Structure formats: C-alpha cells, structure tokens
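> What follows is a structure written as structure tokens; I'll ask about it next.
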Amino acid sequence: MEKAEKKSRRRKLLYWLLIDIVVAATIIGLLLHKPARYNPIASAVGSGSDRVHPYISHDLGPQFYNGAQSQRPFDMIVLDKGLNEVISEAGWAQQSEGINLSRPEILFVPGRIVLMGAADVEGAEFVVTIELKPVLEDQGLLNLNVAKVKIGAMNITPLAKMVAKRMYQQRLETEPVDTKDLRAQIAASLLNEEPFDPVFKAEDKWVRVTDFEITPGKLVARFEPAQ
C-alpha cells in the first residue's frame with residue numbers, strides 16, 4: 001500500500017514538473033518572440049554625426065515653421081518612413097540599469113503610434129513594443145495614452161503602467177520638475193496619464209494641435225494659431 005502511494009506521489013510530482021517545464025518554455029518563447037512588423041533600418045555608415053537629416057531640415061522643419069509663421073490653420077504631414085531614416089542615421093542607442101537599448105523603430109498604424117526597439121539583457125535580446133493611442137480630450141488637452149506594452153509576444157501593460165507611475169512619483173519626490181516644460185509634460189502624459197496643452201512655438205509664433213489623424217505610415221496633425 002505504501003509503495004503504491006509513493007509511486008502515485010512520484011507520478012504527480014513528475015506531472016507537475018512537466019507542466020512547469022512547459023509553462024517556462026512557453027513564457028521564454030513568448031518573451032523571445034520577434035514581431036513580424038519589427039524591421040528597423042540598419043544604421044547608416046558614419047551614423048551618430050551631428051548632421052541634421054534632410055527629412056528634418058528640408059521637410060518637417062519648413063512645414064512647421066512656414067505654417068506657424070503664416071498664422072493660419074495648416075496641416076503637417078509626418079511619415080514614419082522618414083522618421084526611421086532619421087533614427088537610423090542618428091545611430092540611436094542607450095544603456096540603462098545594465099540593459100542595452102538599440103535599433104528603435106516608429107510605426108504609424110490606424111489610430112496608434114507604435115514604438116519598438118531591441119533590449120539586450122546579458123546577451124539575451126528582446127523586442128519591446130509600446131503602442132500609444134493619443135486622444136484630444138476636453139478643452140483641447142492631449143493625452144498620449146499608453147494602450148499596450150509587450151515584450152516579445154507577452155502583454156505586460158498593467159505591470160508596465162504600475163511601474164511607470166511609481167517611477168514618476170519617485171522622481172517628483174526626489175527631483176525638482178518644471179511642470180511647464182513641454183518635455184516634462186510629455187513625460188507626465190506617458191508615465192502618469194496626465195493630459196497637457198499641445199502648444200508649440202516657432203520663434204515668436206505659437207500654434208496648437210487641434211486635430212490629428214493616424215493612418216498606415218502617416219500622421220497628419222492640424223495646427224491653429226495660439227496665444
């Protein structure tokens with residue numbers, strides 16, 4: 001009788017061990033998954049220079065500056081292909097807490113802005129995906145809602161939002177933050193879901209984003225004069 005019970009116990013332990021192995025293998029597979037849409041442009045030769053990319057100096061810059069100076073409503077067209085060429089030439093890479101971040105890519109899909117990049121952790125590479133769903137709220141305030149965060153194919157959105165809010169609160173408690181600075185406002189929107197007034201300046205002229213549309217490969221933003 002005791003032998004039968006021991007055999008039964010061992011069989012159950014074996015089953016649970018097999019289940020643990022399958023679960024672990026599934027999680028690792030999900031984390032290491034490379035999304036099919038992640039295809040960053042390889043860094044160009046001589047990347048990392050201080051040269052302003054033609055897409056900025058000859059396209060986006062003149063669009064915004066001339067439109068703002070006209071003091072009339074205007075549309076600004078931004079292509080994700082052009083932005084990715086700028087990123088490629090810049091040779092963007094960062095290191096934080098032992099994690100190497102590199103090869104970022106921006107994609108415009110219907111209603112969303114997708115940010116993707118490679119994260120190297122002690123030789124293991126993961127693809128991180130962040131999907132933003134910008135919304136113009138009441139009184140024209142813009143909120144850059146984080147709709148989804150994934151590592152590989154694993155959705156970690158609730159955990160990522162919780163960690164982001166905690167980091168934001170800790171920074172407010174330990175460092176002075178200029179809440180009127182546009183960069184700080186964008187960070188607050190991304191990390192703490194705080195909307196901000198989307199007003200931008202071109203020399204002595206101010207303009208405000210009043211509408212936008214995101215379609216495959218393209219973002220069209222509507223600007224109007226602002227005081």
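The values are calculated or read from the model by the stated rules, or taken from the named source; none is laboratory data. Everything quoted here is computed from the prediction, not taken from an experiment. Methodologically, a virtual Cβ is constructed for each residue, glycine included, from the backbone with ideal geometry; neighbour enumeration extends over all protein chains shown.
> Exactly one of (1) more than 30 Å from Pro73 (Cα to Cα); (2) surrounded by fewer than 16 Cβ atoms within 10 Å (Cβ to Cβ) is unmet by Val149. Its number?
The failed condition is (2).
> Does any residue of the range 194-204 turn out to be closer than 25 Å to Pro40 by Cα, without any contact (Cβ under 8 Å) to a residue 60 or more places away in the chain and not aromatic (Phe, Trp, Tyr)?
The answer is no, given that none of the residues of the range 194-204 is closer than 25 Å to Pro40 by Cα, without any contact (Cβ under 8 Å) to a residue 60 or more places away in the chain and not aromatic (Phe, Trp, Tyr).
> I'd like the full set of residues that are within 28 Å of Val209 (Cβ to Cβ), of a type in the set (D, E, K, R) and out of contact with any Leu (no Cβ under 8 Å at 6 or more places or on another chain), limited to the range 149-174.
The initial filter retains those residues of the range 149-174 that are within 28 Å of Val209 (Cβ to Cβ), namely 149-150, 157, 160-161, 164-165, 167-169, 171-172.
Applying the additional criterion that residues be of a type in the set (D, E, K, R) yields 150, 161, 165, 171.
Passing the criteria: Lys150, Lys161, Arg171.
> Now for a separate question. Quick one: which residue in Leu32, Leu13, Leu79 is exposed (fewer than 11 other Cβ atoms within 10 Å of the Cβ) and either on the phi < 0 side of the Ramachandran plot or modelled with pLDDT under 85 (or both)? If you could, list the steps in order and put the result at the bottom.
Details: Leu32 fails: exposed (fewer than 11 other Cβ atoms within 10 Å of the Cβ); Leu79 fails: exposed (fewer than 11 other Cβ atoms within 10 Å of the Cβ).
Going through Leu32, Leu13, Leu79 in turn, the sole match is Leu13.
> On to the next question. Exactly one condition in (1) surrounded by 15 or more Cβ atoms within 10 Å (Cβ to Cβ); (2) within 22 Å of Val114 (Cβ to Cβ) is false for Asp211; which is it?
Going through the list (1) surrounded by 15 or more Cβ atoms within 10 Å (Cβ to Cβ); (2) within 22 Å of Val114 (Cβ to Cβ), Asp211 breaks only (1).
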